[in-house]
Amino acid sequence: MAQKAKKSIASAKRTVVPPSPFSVDDLVKELNSFNVDNYWDLGRFLVDKVMPVARKQGMFEDQVLKMVSSHPGIKFPFSMLKQCQQYYSYYPDVKKRLLPEVFYFDLATKVDETRRRDQYEKMAVDQHWTISDLRKKIHDDETARRIDERTKYGFDLRERNVWTFENPDPRFGKTNFKGRMPGQLIANALYYYTKSGDYIVDPFAGSGTLGDILDSLPHFNDRKYKMYDVNPADERIIRNNILLTGIPEQSGSVDYLFLDPPAEYTQKDSSSDFGLGSDAAKADFILKFKGIIRECSRLLKSGGKVSIVMEPAFAITEFIDYPAEVTILFRDLGFKQVGKAYMPRRSGESMTKNQGISEMRGIKVLSSDCRELLTFQKP
Ligand SMILES: C[S@@+](CC[C@H](N)C(=O)[O-])C[C@H]1O[C@@H](n2cnc3c(N)ncnc32)[C@H](O)[C@@H]1O
């Protein structure tokens with residue numbers, strides 16, 4: 001017998017010593033003898049015959065299924081084996097139930113909770129559903145659950161770090177304000193980087209988007225805030241020029257700073273700025289931001305955080321990675337980076353200045369279409 005060609009289940013997990021009563025080759029052969037649509041019998045074989053042996057050898061169920069499904073010649077992918085296993089585990093009595101088997105396969109593989117599976121089964125029996133009715137109901141309920149989850153906090157919460165919002169939430173900020181940030185972006189930043197009781201300061205408040213969020217969303221109403229701007233758009237915003245006077249707050253008093261500086265601090269490459277070379281643009285940027293970041297450091301409590309909106313740019317002929325530059329400045333002051341989210345611009349919102357330059361100077365310029373929200377923590 002070609003013993004050495006056979007890989008035992010035990011050999012796939014070398015720490016487990018007991019000898020294998022069957023080989024993976026034999027197991028694959030047995031599995032392949034099932035019809036591809038014979039889900040329940042395949043599930044029964046896995047649950048009743050394979051798993052007890054595997055468990056005795058100290059293997060987890062998914063480990064066995066992964067090992068078998070990656071074996072050459074197996075006709076079932078892991079997902080299919082898993083579904084069959086679930087199907088039989090949940091409905092070993094499927095043949096005695098009231099609905100056609102396909103209903104139970106869908107319930108077993110699409111609905112995790114027993115209680116909900118039972119509810120769907122009851123509705124399907126009582127209301128004489130077709131399989132399409134069941135699938136539609138499960139799909140609609142899942143969609144509603146996701147929307148519910150996302151709007152639980154009163155805004156569109158993002159779970160991953162690309163934050164795109166086609167339309168700014170009309171509740172936050174002033175509609176015609178140039179440079180207004182979609183409120184959903186600030187709400188996500190507040191969600192991830194602030195906590196209950198925090199004191200928050202926005203030194204470039206613009207149209208007061210941050211204040212609108214903190215004033216109106218109950219999830220944030222236990223945070224206090226202050227907003228400043230060189231040109232206040234409403235009475236909640238205090239007039240202040242950060243470059244001239246810093247931020248008039250006590251040292252070590254702030255938990256979170258949100259910095260959305262004006263575009264002109266980085267977009268120095270329009271035709272009107274012909275005289276300014278890229279070195280000068282960078283030096284100008286570093287000078288400004290060194291001061292701003294030092295001021296942030298002064299205001300923040302130890303462990304406090306600061307988020308800053310930054311975007312790479314071309315200055316005359318050279319690319320300047322402003323997010324990278326600002327990161328260096330924060331790191332130089334001992335800050336640790338704790339977050340980065342990408343905020344692609346909405347369609348029609350792109351910075352157009354650079355395109356003119358590329359035509360004028362005959363060079364190819366890849367303009368930026370994505371801002372970054374960088375977050376740092378004070379030591
Ligand atoms: C990009 S906007 C901020 C938009 C704001 N986040 C919003 O959603 O409405 C930048 C703001 O910085 C302000 N600003 C520019 N230079 C400033 C300075 N030296 N000190 C304080 N604010 C300044 C501008 O008046 C502008 O309102």
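The values are calculated or read from the model by the stated rules, or taken from the named source; none is laboratory data. Not measured: the values here are computed from a predicted model. Cβ sites come from the backbone with ideal geometry, for glycine too, and all protein chains shown count toward neighbours.
Being buried (at least 19 other Cβ atoms within 10 Å of the Cβ) and not in a loop (DSSP other than H, G, I, E, B) is the filter here, so list the residues in segment 191-224 that pass it. Scanning segment 191-224 gives Y193, I200, V201, D202, T209, L210, G211, D212, I213, L214, F220.
Based on what the data block shows, is L134 in a helix (DSSP H, G or I), touching a residue at least 24 places away in the same chain (Cβ under 8 Å) and either away from the ligand (no atom under 16 Å from the Cβ) or touching a Pro at 6+ places or on another chain (Cβ under 8 Å) (or both)?
Numbers: in a helix (DSSP H, G or I): yes; touching a residue at least 24 places away in the same chain (Cβ under 8 Å): yes; either away from the ligand (no atom under 16 Å from the Cβ) or touching a Pro at 6+ places or on another chain (Cβ under 8 Å) (or both): yes.
It is true that L134 is in a helix (DSSP H, G or I), touching a residue at least 24 places away in the same chain (Cβ under 8 Å) and either away from the ligand (no atom under 16 Å from the Cβ) or touching a Pro at 6+ places or on another chain (Cβ under 8 Å) (or both).
Among residues of segment 225-250 that are touching a residue at least 60 places away in the same chain (Cβ under 8 Å), none has a beta-carbon under 6 Å from a residue that is near the ligand (Cβ under 6 Å from one of its atoms) at least six positions away or on a different chain.
Only one of the numbered conditions (1) surrounded by fewer than 19 Cβ atoms within 10 Å (Cβ to Cβ); (2) within 9 Å of the ligand (Cβ to nearest atom); (3) closer than 19 Å to G183 by Cβ is violated by L244, and that is (3).
Tallying residues that are surrounded by fewer than 21 Cβ atoms within 10 Å (Cβ to Cβ) and in contact with a strand residue (DSSP E or B) (Cβ under 9 Å, 6 or more places away or on another chain) within segment 164-185 yields 2.
Every test in (1) within 13 Å of the ligand (Cβ to nearest atom); (2) at pLDDT 95 or above is passed by Y265 save one, and that test is (2).
Residue-by-condition table, conditions (1) surrounded by 13 or more Cβ atoms within 10 Å (Cβ to Cβ); (2) at pLDDT 95 or above; (3) outside the structural domain of A187 (by TED's automatic domain parsing); (4) in contact with an Asp or Glu (Cβ under 8 Å, 6 or more places away or on another chain):
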residue: S278; (1), (2), (3), (4): yes, no, no, yes
residue: I292; (1), (2), (3), (4): yes, yes, no, no
residue: L299; (1), (2), (3), (4): yes, yes, no, yes
residue: M310; (1), (2), (3), (4): yes, yes, no, yes
residue: G339; (1), (2), (3), (4): yes, yes, no, no
residue: Y342; (1), (2), (3), (4): yes, yes, no, yes
residue: G362; (1), (2), (3), (4): no, no, no, no
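Evaluating N188 against the criteria (1) away from the ligand (no atom under 13 Å from the Cβ); (2) surrounded by fewer than 17 Cβ atoms within 10 Å (Cβ to Cβ) leaves one unmet condition, (2).
Pairs meeting the criteria (first residue in segment 61-88 and closer than 16 Å to D48 by Cα, second residue hydrophobic (A, V, I, L, M, F, W, C) and surrounded by fewer than 17 Cβ atoms within 10 Å (Cβ to Cβ), beta carbons under 7 Å, at least 6 apart or on different chains) are L65/F78. Does segment 146-156 include one or more residues that are within 16 Å of the ligand (Cβ to nearest atom), under 25 Å from G246 (Cβ atoms) and in a loop (DSSP other than H, G, I, E, B)? Taking every residue of segment 146-156 in turn, none turns out to be within 16 Å of the ligand (Cβ to nearest atom), under 25 Å from G246 (Cβ atoms) and in a loop (DSSP other than H, G, I, E, B).
When restricted to residues that are within 16 Å of F220 (Cβ to Cβ) and near the ligand (Cβ under 8 Å from one of its atoms), segment 168-180 contains 2. Just one of the numbered conditions (1) part of a helix (DSSP H, G or I); (2) within 18 Å of L257 (Cβ to Cβ) is not true of Q184: (2).
Do we find that D212 is of a type in the set (D, E, K, R), in the same structural domain as L287 (by TED's automatic domain parsing) and within 8 Å of the ligand (Cβ to nearest atom) in this structure? It is false that D212 is of a type in the set (D, E, K, R), in the same structural domain as L287 (by TED's automatic domain parsing) and within 8 Å of the ligand (Cβ to nearest atom).
Answer yes or no as to whether R223 is more than 7 Å from the ligand (Cβ to nearest atom), in contact with a Ser or Thr (Cβ under 9 Å, 6 or more places away or on another chain) and not assigned by TED's automatic domain parsing to the domain that holds I308. No.
Quick one: which helices (runs of 4 or more DSSP H) sit completely within segment 20-93 and have at least 1 residues that are among the hydroxyl-bearing types (S, T, Y) and either farther than 25 Å from V111 by Cβ or out of contact with any Asp or Glu (no Cβ under 7 Å at 6 or more places or on another chain) (or both)? Walk me through it before giving the result.
Numbers: elements: 24-32, 39-44, 51-56, 61-69, 78-90.
So the answer is 39-44, 61-69, 78-90.
Please find, within segment 191-206, the residue that is nearest to the ligand (Cβ to nearest atom) out of those that are within 22 Å of N231 (Cα to Cα) and in contact with a helix residue (DSSP H, G or I) (Cβ under 8 Å, 6 or more places away or on another chain). If you could, list the steps in order and put the result at the bottom.
At the first step, the residues of segment 191-206 found to be within 22 Å of N231 (Cα to Cα) are 200-206.
Now drop any that are not in contact with a helix residue (DSSP H, G or I) (Cβ under 8 Å, 6 or more places away or on another chain), which leaves 200-205.
Values: I200: 13, V201: 12, D202: 7, P203: 6, F204: 4, A205: 6 Å.
Per the criteria, the residue is F204.
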